[in-house]
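Working notes for the structure below.
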Amino acid sequence: MDQRPVGVFDSGVGGLTAVRELRNLLPSENIIYFGDTSRVPYGGRSEEILLKYARQDVHFLRSFDIKAILVACGTVSTTCLPKLQRENDLPILGVVEPACRRAVELTRNKRVGLIATAASVRSGAYETSVAGMDPSVEVVARACPLFVPLVENGRYKPGDVVIETVAREYLSSMQEAGVDTLILGCTHYPLLMEVIGQVMGPEVTLINAGAEAARSMRQALHSGGMLAEGRTGDATLYASDQPSDFGTMARQFLQEELTKPVLPVDIDRY
Ligand code: DGL
């Protein structure tokens, strides 16, 4: 048993897709979440800048006595994870491997789609991971750079003509490729689950990378004897800009009342 909190971070609200699943799966865990809202989006940035940001995000989370970190950001997971793991003496998990494992399990026609940020697609990390699990599975990838700014601005609901138009254009290549499984490889994208589901249709299985990563965190804590027990855990949210706007979206998305306000962080200090 280990009652210390789990740290989770992303560039913004996207990583809450992992927090929602962590709250469902592990209700006794305390969670400290950081959304780097002053620097979102991460997805178009270079590896050097991403590593700098990721190190600061980890440094901030480690200012608390945490037991593990979930990198609930596809972009950081695809570009910086091995370095972060080498530099830190606590378990650090990302979203790539859990999402790929699930996709390989579920695909029937061995054609898996990947939508993610430009940096994640450029890294080839999802393709490498899938090839290591089953080389006969083909991955068709597409970067969707407009999705994150639209989600951060609350434009993710069905019926919103802007997001629906953008989604149709981005997803046409996935439809043409005939994928039967689609990895939502950026943790912001599960907020678009309904919009993406409408475009792709019911035959295509959508994989929520954040939720899969939360399941792998449960497994890691369980096998390390590090699960919290015997209490109701809570989530403490931090954001590097506009914490009250972040709180409004977080409440909607987590579908729970926050017990405390979202707290501001000056991430440049870390
Ligand atoms: N949600 C993050 C990801 O999974 C970051 C997206 C962004 O900031 O561009 O890639």
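Expressed as cubic angstrom per residue, what is the convex hull volume of the alpha carbon set of the chain?
Expressed per residue, the convex hull around the Cα atoms of the chain is 118 Å³.
Rounded to the nearest 500, what is the chain's calculated 222 nm mean residue ellipticity when only DSSP H runs of at least 4 contribute -39500 (n - 2.57) each, over all residues? Present the calculation step by step, with values, prior to reporting the outcome.
Values: 12 runs with 122 residues, N = 270.
Taken over the chain, the calculation gives -13500 deg cm²/dmol.
Within the chain, count lysine pairs with alpha carbon atoms under 24 angstrom apart where the residues are 8 or more positions apart or belong to different chains.
Lysine pairs meeting both conditions in the chain amount to 4.
Return one whole number: the accessible area per residue of the stretch 39-106 in Å², for a 1.4 Å probe. Before the final figure, lay out the partial values.
Details: 2770 Å² over 68 residues.
I get 41 Å² per residue for this part.
Counting only C-alpha contacts under 8 Å and six or more residues apart, can you give the relative contact order of the chain as a whole percent?
This gives 30 percent for the chain.
Tell me the per residue accessible area of the stretch 172-228 using a 1.4 Å probe; a whole number in Å² is fine. Kindly include the intermediate steps, with their values, before the conclusion.
Working: 2020 Å² over 57 residues.
Per residue, the stretch 172-228 has 35 Å² of solvent-accessible surface.
Given that compact globular proteins tend to follow 2.2 N^0.38 Å, what is the ratio of the alpha-carbon Rg of the stretch 173-220 to that value?
Dividing the Cα Rg of the stretch 173-220 by 2.2 N^0.38 Å gives 1.24.
For the stretch 41-169, what does the alpha-carbon gyration tensor say about shape, rounded, prolate or oblate, given a ≥ b ≥ c as the root eigenvalues, a/c under 1.5 as rounded, and a/b over b/c as prolate? Provide the component values of the computation, followed by the final result.
Numbers: a/c = 2.00, a/b = 1.21, b/c = 1.66.
It is oblate, given that a/c is not under 1.5 and a/b is not larger than b/c.
In the stretch 158-265, how does Rg compare with the Kirkwood Rh, expressed as the Rg/Rh ratio over alpha carbon atoms?
Taking Rg over the Kirkwood Rh, I get 1.05.
Using +1 at the Cβ of each Lys and Arg and -1 at the Cβ of each Asp and Glu in the stretch 1-136, identify which of ALA131, GLY15, ASN30 lies farthest towards the dipole's positive end.
So the residue we want is ALA131.
Using mean Cβ contacts within 10 Å as the protection proxy, how do 157-165, 113-121, 136-144 order, highest first?
Values: 157-165: 13.1, 113-121: 26.4, 136-144: 18.3.
Those peptides, ordered most packed to least, come out 113-121, 136-144, 157-165.
How large a share of the accessible area of the stretch 59-186, in percent, is made up of carbon and sulfur atoms when the probe is 1.4 Å and the other protein chains stay in place?
Details: 2740 of 5270 Å².
The value for the stretch 59-186 is 52 percent carbon and sulfur by accessible area.
So what's the stretch 7-81 giving for Cα Rg divided by 2.2 N^0.38 Å, two decimals?
Taking N as the residue count of the stretch 7-81, the ratio is 1.06.
The values are calculated or read from the model by the stated rules, or taken from the named source; none is laboratory data. Quick caveat, the model's predicted, so the values are computed rather than measured. A quick note on method: Cβ atoms are made from the backbone with ideal geometry, for glycine too, and the neighbour counts reach across all protein chains shown. Remember, those area values only see protein heavy atoms, side chains included, never the ligands or the DNA or RNA. Shrake-Rupley method; radii C 1.70, N 1.55, O 1.52, S 1.80 Å.
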